[in-house]
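K.L.:
Once you've had a glance at the structure underneath, I'll fire off some questions.
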Amino acid sequence: MNPFLGNPAEPLYHRMWTELNRRQPAETATESPLLALGRSSDVDPLLPEQVDDARRVLLDRAALIDDGRTELRDDVLAGQRRVVERFLRGRRARFGEEQSRPLPDIDALIREGRDIFIVIKFMDEAPHLAATIDSLLHQEGIDLHRLVVVMVDNNSSDGSDAIVAKAIETNPGPARLVSLPQQMPGAGNAARLGVDTCIATVYEMCRRDQRWERLQTATIAVSDGDTVYHPDTLRSIAAIFDDSPTVDGVMPFLTYKFTAALRLFRHYRPAFAEPLRLRAAGLDPCAVPVDLATVRAHAELPRGKRRRTGDAMTVTTADGTTITVPLAGVDEHGRRFGALVDPSGRRAYLFEDRTLVLDRAPVSGFDAALVFLENGGVDRDEKWRWHTLIGHDLFLFWAFAGMGLPETMVFPDSSDALKTFRVWSFAIGGQHQLRRPGLRIATGSDYQSGRVLQAVGCCLRLGPAEVFAETETDRLIKMVRNFFHRQTVFYGETRSAALERATGLYLHMTRIQGEIEEEMRAYPDVMFEQTAFPERVLFPLRWMFQNAIRFYAHGPQQRDIVRERVLRRIFTPETVESIEREVLTEATLTELATAAFSDKQVVAEQAAERIIAAHYPEIMAFYVATLRDFCEAEQVRPEHYEWLLDGLTESRNAVVEQPQPVDPADVWSGAEFDIDVARGQVVRMHQAGGTVPAEEGSLA
């Protein structure tokens, strides 16, 4: 299939309202509330002529698709080139030539066919960085000769630079690894250097060989240094771009790391690969015909077919091969384990409790979380903790991957997990360091780039849930801690508007992560029951329903999809009829359709909250049904999980309450934290004021 023609059988997805933006004056983007924070950012301004050129490209490109053309016309290529050239001029005028210099070896990059560029921005990510890099170097279903990984160090002081140097030295190819230092503080500045370098590189490649269509077909992604990726991530992203030439951005489906969340349970003892590697040095590993480099190993060595037999474990592969693994090693907690090795020399460690630890991806997938649950690791007084830290993300993942909610209805924000854009479209506004007025610290850096594209008129897509990315739990932990201390800021302010939530306080807290985790392990389960879970579950519920409502408002075909695949999956027929009659009224749909683009999410969220407020028990029944279906699919026995599902439908409905708002500036300007403002990093935590008593734990 010609990649420019697209797939005529592709299901519907959000694009109508962004397409309408293309015919608006430039000021609807440059003066939009969506982009207001850009005026307080460390970045050159988005120019009206840049918006006009981008919108002209979008209109002309769409017209070619409608006409069945198989290649971009010269005028469209010229428009994309102008967008990129104007972008680079603006960047170099503001930040200097050295901040957007192309990579060396341009001719080699052309010869090798490099057209997938990934920027990893990091500061002090030593515990996670190797796994992030490895997960990208072991992608499947795509030619890794196309891949360039640009790792940008934002003044790390924990040895992250040595991890990158080792990755470059030991990388056998075919992907290229490049390291760049960024001395300007702030994650956004690190991302900006990486992105601008990649844009300049692709531009120079086009200038050399005059293949300007590369601005359309080549892509640039940005990732944090603490996120691991399913081996199909790059393949699934590339497939969307190849099949949908009018899509300019793809966001992977994102969850927190399930295994990392286990650290916050009473009985969990971590099993990290590095100490296991040392303790297994004298063992003879058992050969297995399974690739141990990715999360697929958990399915290839099924959890239910790992059994203890005397002093050994037997494990049967998915294709029926049985292997006996002697439990000849002992870890620092006294647990016995055996070592495995795959045909490429990759190792894994199999414990007597059936935990399987992959040597280079130790916190990937939900296998360890299910083994922990099956082994009785979750106490009865940790039920709501489990839902807050693990069940929530399993529900979100399985609602789409198992229960059939359509990803194509989602109108995604850009996340910090491999947000990927076509080169020309990334050059419309680029990446930059946000600063929030009234705060003395660096704030979010990732969300703005996707909003630039949407405000201009580009289409963004959400990737499939089955190919999920997993990010570290630091933000989740900060969210829960803020709930506990009644500091509903930083991913914890569930009532503020969407833009406010997305540009919260992005302080780097690696130095005090251990202290926060230790504090959180002492929280009583009543706090998770009454506060943390009810507040946190609002995020996916509101997100699911506001996306469904916006999709529903697009037309009759979309209404049928939402009615059949969302409303009737969640609610009784009577409730569906009530929702369509009382919430999804013609008045609401008209208000949504006629609202300014920047206000559409607000209108949809208000309608979503009406649904959640009125029908919460039924929604929580769907939550229960989703987790039960997931556990059945994973062959977890009912006695291990049914007790977790009791009482969920009667849980607190937090959306009907209005907690006292908290100014984040007041929280972070107090005496609780010492903050390195230049780095946006907390360096010390003091005694918190206003601690919630153990018997309380409710915002109500």
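K.L.:
I'm trying to understand the selection: among the residues of the range 39-80, which are of a type in the set (D, E, K, R) and under 30 Å from the mean Cα position of the chain (by Cα)?
P.N.:
Taking the range 39-80 first, the residues of a type in the set (D, E, K, R) are 39, 42, 44, 49, 52-53, 55-56, 60-61, 66-67, 69, 71, 73-75.
Arg39, Asp42, Asp44, Arg55, Arg61 - these are the residues of the range 39-80 that are of a type in the set (D, E, K, R) and under 30 Å from the mean Cα position of the chain (by Cα).
K.L.:
Among the listed residues Gly304, Gly310, Gly282, which satisfies the condition of being exposed (fewer than 14 other Cβ atoms within 10 Å of the Cβ) and in contact (Cβ under 8 Å) with a residue 60 or more places away in the chain? Break it down stepwise before answering.
P.N.:
Values: Gly310 fails: in contact (Cβ under 8 Å) with a residue 60 or more places away in the chain; Gly282 fails: in contact (Cβ under 8 Å) with a residue 60 or more places away in the chain.
Among Gly304, Gly310, Gly282, only Gly304 is exposed (fewer than 14 other Cβ atoms within 10 Å of the Cβ) and in contact (Cβ under 8 Å) with a residue 60 or more places away in the chain.
K.L.:
Kindly indicate the residue of the range 95-123 that is among the hydrophobic types (A, V, I, L, M, F, W, C) and modelled with pLDDT under 95 and also farthest from Arg192 (Cα to Cα) among those meeting that condition. Full working, then the answer.
P.N.:
Keep residues of the range 95-123 that are among the hydrophobic types (A, V, I, L, M, F, W, C), which gives 95, 103, 106, 108-110, 116-120, 122-123.
Then keep just the ones that are modelled with pLDDT under 95; that gives 95, 122-123.
On the way: Phe95: 10, Phe122: 12, Met123: 14 Å.
Checked the range 95-123; the qualifying residue farthest from Arg192 (Cα to Cα) is Met123.
K.L.:
Another question about this same structure. Which condition from (1) in a helix (DSSP H, G or I); (2) surrounded by fewer than 18 Cβ atoms within 10 Å (Cβ to Cβ); (3) not aromatic (Phe, Trp, Tyr) is the one that Gln660 breaks?
P.N.:
Only one criterion is unmet by Gln660, namely (1).
K.L.:
Related question: Which pairs do you get when a residue that is part of a helix (DSSP H, G or I), found in the range 374-398, comes within reach of a residue that is acidic (Asp, Glu), reach meaning Cβ atoms under 8 angstrom, with the pair 6+ apart or on two chains?
P.N.:
Close Cβ pairs satisfying both conditions: Asp381/Asp525; Glu382/Asp525; Lys383/Asp525; Lys383/Glu529; Trp384/Asp525; Trp384/Glu529; Arg385/Asp525; Trp398/Asp629.
K.L.:
Only one of these conditions is not met by Ala293: (1) part of a loop (DSSP other than H, G, I, E, B); (2) in the same structural domain as Ile142 (by TED's automatic domain parsing). Which number is it?
P.N.:
(2) is the only condition that Ala293 fails.
K.L.:
Does the range 585-601 contain any residue that is of a type outside the set (D, E, K, R) and closer than 25 Å to Phe533 by Cα?
P.N.:
Filtering the range 585-601 for residues of a type outside the set (D, E, K, R) gives 585, 587-590, 592-598, 601.
Filter once more, keeping what is closer than 25 Å to Phe533 by Cα: 601.
Yes: one or more hits.
K.L.:
Is it true that Ala126 is at pLDDT 95 or above and either more than 26 Å from Gln210 (Cβ to Cβ) or among the small types (Gly, Ala, Ser) (or both)? Please lay out each step first, then the result.
P.N.:
Working: at pLDDT 95 or above: no; either more than 26 Å from Gln210 (Cβ to Cβ) or among the small types (Gly, Ala, Ser) (or both): yes.
Here the answer is no, as Ala126 does not meet what is asked.
K.L.:
Further question: With a cut-off of at least 3 residues that are surrounded by fewer than 19 Cβ atoms within 10 Å (Cβ to Cβ), name the helices (runs of 4 or more DSSP H) lying wholly within the range 60-159.
P.N.:
On the way: elements: 74-95, 106-112, 129-137.
In the range 60-159, the matching helices (runs of 4 or more DSSP H) lie at 74-95, 106-112.
The values are calculated or read from the model by the stated rules, or taken from the named source; none is laboratory data. On a predicted model such as this, the values are computed, not experimentally measured, just so you know. Because the Cβ atoms are built from the backbone with ideal geometry, glycine has one as well, and the counts that use them run over all protein chains shown.
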